[in-house]
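Nothing in this text is a laboratory measurement; each read-out follows from the coordinates by a stated rule. For clarity, every value in this text was computed on a predicted model and none was experimentally measured. So basically every Cβ, Gly included, is an ideal-geometry build from the backbone, and we count neighbours across all protein chains shown.
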Amino acid sequence: MGLFGRNIKFGDVIAGAADAINEQLKEDIKRTKTFADDIQMYHIKRRQEKAEKLEENKEEIEDVLNNLASFVDGNKMSEGMNKYDYAAQLFAQAGTVDQANNLITTLSDARNKGFDIRGVIDYAQTETGGFGLADYVNKFVKRPSDVIKISDKAVEGVGLYKAFKPQNIGDDIRKAVELAAPTTKDEIPDFLVPKATIKYAKLPGSQEYADKKKATDLAIENASLQNQKLKFDMNMKDALTNSGLRSQGSDIRVDLKATYKIALDNNNQLDIKTSKEQGADLRGFQTAYVKQLTQRAFTAKGTLNNKANIATIVGAASLKDPNTGNYFIKIVPPNDVPEKMSDLQIGTVYDLEQVDANGNVIAKGPHIHIGNGQNIPLYDISPI
């Protein structure tokens, strides 16, 4: 009788070991394939997310260029040029989307006060022009990298299968990703865009404006950052771009036109002079307009993450009578301000003190409540 009471054949041991190794190898090949599939799906998802981000960036640039184009005087365009050639110069001067939105707000504020902004913009003379909106969007858009970085060492096999040094797994993944989510084929235009010159010193109350708006800009920046921290808890699909918010504003002005007997120009902007001549209730209109605009922005979750949107609302609330220098909007006096923050109404302007974390007063006067416990001081722009 053999060891442990039975005979054990050496060949059976070898065969059993071979079967075990074979089964383990099959399992390791399966695990390698699963691992490779996971990597492939991860990179397909990343490529798709980057493609979506590119489209979002394009829409953002398109909105900005359309807004900048609204400042171009169509009667003074050179032959062969169009409004987007000039809008592109304004964007080139600003440099970034955020700065371009700041420029839009600045020029809009001046125009809303009856200032002729054509006198503060000098466009560069150029022999190239006639490019379309799509050309300039492709020129300025920020492109996320869509290069697939997959190390061959990361997918060289699992367990026993690694010893066989399987080839081309990384290449196969890259090909599969490219097939499922192809690389963006947009050609980046190589033409140069000259910069327009903005004569900021000629804008209404330029230095005074710059000094007095610091507290407001800081409050807008802080509010935007605070709202961005909350965005992960939001459904962002309804968020408005700055162009979208301004479009909403145009609709609101049209809706309120008959009620308050105001006059609008061809761009649906408030015509203060004509409105006064026809006895419009400018105070009632501006109060209702700003309240509705702010409430729409607050309701469209994520809209107030964008500081350009907050600046647009604050700019509208800050509109002053060019003759008296008084704000058009109704301001709730200190004695009538609710004690509880939760009782403040979105889109309403209150006479408040704004304090920092140390209790120091950093701004005093009219503030607009935009929700989430945020009160932004109005711009104090001297009347023209």
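Descriptive notes on the structure:
- Rg/Rg_ref, the range 266-351, where Rg_ref = 2.2 N^0.38 Å and atoms are Cα: 1.19
- Subtracting the Cα-Cα distance of Asp321 and Asp37 from 0.36 nm times their residue separation leaves 95.7 nm of extension gain.
- Which of Ile262, Ile198 has the fewest Cβ neighbours within 10 Å, and the rest in rising order: Ile198, Ile262
- Structure note, pairs Lys142/Lys307; Lys33/Lys58; Lys33/Lys53; Lys58/Lys202: Cα-Cα distances above 26 angstrom occur for Lys33/Lys58; Lys33/Lys53; Lys58/Lys202.
- Our coupling estimate for the range 263-270, obtained by passing each phi through the Karplus curve with A = 6.51, B = -1.76, C = 1.60 and θ = phi - 60°, is 10, 10, 8, 5, 9, 6, 8, 5 Hz, Gly and Pro reported as x.
- For the range 307-321, putting each phi into the Karplus relation 6.51 cos²θ - 1.76 cosθ + 1.60 with θ = phi - 60° gives couplings of 5, 5, 5, 5, 4, 4, 5, 5, x, 5, 5, 8, 4, 10, 6 Hz, in residue order, rounded to whole numbers and with x for Gly and Pro.
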